[in-house]
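Working notes, beginning with the structure itself.
The values are calculated or read from the model by the stated rules, or taken from the named source; none is laboratory data. This is a predicted model, so every value here is computed, not measured. When we count neighbours, we look across all protein chains shown, and the Cβ atoms used for this are built from the backbone with ideal geometry, even at glycine.
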Amino acid sequence: MGNTRHLRARLEREKKRLLDQAERIRKHGLDESLAGSIGELSVYDNHPADIGDETYERAKDLGLLDNTQVLLAKVEEALRRLDEGIYGRCEVCGGEIDRARLEVLPYTTLCRSCKEKDESRERAPGDRRPLEEEMLEEPFGRSFLDNTDYVGFDGEAAWQAVARYGTSSGPQDVGGVDSYNDTYVNSDEQRGAVEDVEEVVIEDKEELFGWDRPSPDRLRRYS
């Protein structure tokens, strides 16, 4: 590749801009805890709707900071490639990246053809899952064992045991229910039993055994 001095200068300016931007986001949004920013000792006892604006602003700051850090990593990678003499080469096919593309996006590491192929794979139907699933997988996703042969106390049962005492979701949040007892996942399941027959309680032994006072030996036989 020819003269890259002005591209290096652009990358250096972009790096400084991103570092300053990340510092501003931290200083004016993330240096203080969410509870501290609204003058509360804790936010655990608040319904999410009560601090909706603050939660939105905190999520926005986190998103802006994450995007800044991603761009910063790309700029630093481009500077490293400049130092190593491989700047302007596609990291996939090894071909030369068009000069016009580098002028527009100096930190790119893919040529136009490889980038288009990469984006077409990302847009393939069913090829991508929501990013939230990566976060929701732990700790409960791996231990919700409804679709397996496991019948013990799993992660779902642990959640149900706690959620039946109340969550921040009310009937109006879930829909289709009119009681707080029905607002958590699979709330209609039996507790301590797998099949309905396991919850049958025999109160009349005479009806079961056919005599008034069964002997201990016979009781052991049917136990």
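Miscellaneous remarks
- Search result, residues across region 70-103 that are surrounded by fewer than 13 Cβ atoms within 10 Å (Cβ to Cβ) and under 30 Å from residue 29 (Cβ atoms): 70, 73, 80
- All positions within region 68-96 that are over 25 Å from residue 19 (Cβ atoms) and aliphatic (A, V, I, L, M): 92
- Matching residues in region 146-169 - criterion: being surrounded by 14 or more Cβ atoms within 10 Å (Cβ to Cβ) and either at pLDDT below 75 or not basic (Lys, Arg) (or both): 154, 155, 156, 157, 158, 159, 160, 163, 167, 169
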